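The structure under discussion appears below in the form of structure tokens.
The values are calculated or read from the model by the stated rules, or taken from the named source; none is laboratory data. No experiment lies behind these values; they were computed from the predicted model shown. Quick reminder, even Gly has a Cβ in these numbers, built from the backbone with ideal geometry, and neighbours come from all protein chains shown. Each accessible area value is taken on the protein alone, full model and side chains, heavy atoms only, with ligands, DNA and RNA left out. Shrake-Rupley method; radii C 1.70, N 1.55, O 1.52, S 1.80 Å.
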Amino acid sequence: MIQIIGAGAIGCLWLAKLQQSGSVCHLVSRSKTTNLTLQFTDLSGEQSLLTVSISQRLLNTSAEQKRSTILVCVKAQHVVSALLAQQQYIDKKQTLILMHNGYGCAEKVRKHFPNNPIICATTANASLLNAPLDITHTGIGPTYLGPFTDLAAVKAQTKEKGQSATQLQHILIPVIEPLQQAMPDVCWSEDIVKKCWLKLAINAVINPLTAIHQIQNGKLKYSEYTVVIQSLVAEIVAIAKAEHIDFELLTLQQSIDQVILATAKNFSSMNRDIFYHRPTEIEFINGYLIKKAQQHNLEAPLLHELYNKVKVLENRSAIAEDKY
Ligand code: PAF
């Protein structure tokens, strides 16, 4: 069983795909709802109505619920508070999968949930929340899952049971398999930090630029953005290098170009957040990179500039509390 925290575009996408592939799921949403139907439009435009199980708290009565995987799909700024709100319903053996844009949450989660196995995840699937419980799958791409730090918690559990570390994979298979059955290209990656940094780099370029200029991702191919994107990539490569993450300038540039092309018609999540007057994930994207730059005495003028512009837009619209 998988319990998903967060009824946003990505949480509902996994809910739909997991349910369609036969997994038992439950959705935790902060908003009270009496609607138990999810409207799902798939990549081919086909619509389906799915009956879903939703509540404001995790289920933890049956043995199946107590050992269910918890997939956290809220925005980076809500990850810790969303989990803390559910803490009393979380068993220490339950695996927590953190799937969000930006970086830096897992460390904080580990402090509050020291015994739970924590998996970091990054997905290139795109989804649009048309209305509450109404989503459209708009883009497909790989999803990577991998251990946060050294899988300390899982190792402790295997020792308890007298199992060897080589059996770790077996513990993780039941967690990963349903996700692999639900969507193509779901891979386990021991190198998840680099995968997350790649997504971080992509988001640090595409999201603020599309949010500030209120454009679709594809417009970033216009020549007026070429220099700024190249300079941003150079700043990010230098920061990553200081963190022992090796990105080749040209390869990173190409990866970003590919995402711009693949998601040309999409509005990025940050674009939508600014458009709908919601708080953005800038703190965990450009904000995270800026903090790392400061720690290594590196200049990051463009990352700063975009960060400041997004902050101005965010504050200007001073907005109602974001929902998960
Ligand atoms: O945040 C987003 O919108 C997505 O991560 C991405 C890759 C920029 C596509 O829109």
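Structure notes:
- Backbone N within the range 1-37 under 19 Å of label point (7 Å from S44 Cα along the Cβ vector): 16-22
- Computed over the chain: relative contact order in percent, which uses C-alpha pairs under 8 Å that are six or more apart: 17 percent
- Fully extended contour minus Cα-Cα distance, from Q20 to V228, at 0.36 nm per residue: 70.7 nm
- A simple count of charges around F40, restricted to other residues whose Cβ falls under 11 Å of its Cβ and scoring Lys, Arg +1 and Asp, Glu -1, yields -2.
- Ellipsoid semi-axes in whole angstrom, largest first, where each is sqrt(5λ) of the Cα gyration tensor of the chain: 31, 24, 18
- Within the accessible area of the chain (1.4 Å probe), percent carbon and sulfur: 53 percent
- The modelled label-to-label distance between N308 and E107, using points 7 Å beyond Cα along the C-beta direction, is 2.5 nm.
- Dividing the radius of gyration of the alpha carbons in the range 2-190 by their Kirkwood radius gives 0.95 for Rg/Rh.
- Computed label-point distance, nm, for sites K32 and S55 using a 7 Å Cα→Cβ extension: 1.5 nm
- DSSP beta bridges fully contained in the chain are about 40 percent antiparallel.
- Between A264 and Q214, the FRET efficiency from the beta-carbon distance, with R0 = 22 Å, is close to 0.90.
- Using bins of 5 Å that start at zero, the share of Cα-Cα pairs per bin across the range 193-322 amounts to 2, 11, 22, 24, 21, 13, 6, 1, 0, in whole %.
- Probing with 1.4 Å while keeping every protein chain in the model, the per residue accessible area of the range 2-190 equals 44 Å².
- Hz values of 3J(HN,Hα) by residue in the range 93-108 - Karplus curve (6.51, -1.76, 1.60), Gly and Pro given as x: 8, 6, 7, 9, 9, 9, 10, 7, 6, x, 8, x, 7, 4, 4, 5
- A Stokes-Einstein calculation at 37 °C with viscosity 0.692 mPa s, built on the Kirkwood radius of the range 2-96 over Cα pairs, returns a diffusion coefficient of 240 µm²/s.
- Structure note, pairs K108/K221; K108/K199; K93/K195: Cα-Cα distances above 29 angstrom occur for K108/K221.
- Environment charge of A124, counting only residues whose C-beta is closer than 15 Å and scoring Lys/Arg +1, Asp/Glu -1: +2
- Relative packing of 195-208, 52-65, 283-296, which averages over residues the other C-beta atoms within 10 Å, highest first: 195-208, 283-296, 52-65
- Long-range HN-HN contacts of D134 with modeled amide H, under 5 Å: Q39
- Charge sum, other residues only, whose C-beta stays under 14 Å from Y144's C-beta, Lys/Arg counted +1 and Asp/Glu -1: 0
- Amide H contacts for I4 (H built 1.01 Å from N in the peptide plane; partners 5 or more residues away or on another chain; cut-off under 5 Å): H26, L27, V28, L71.
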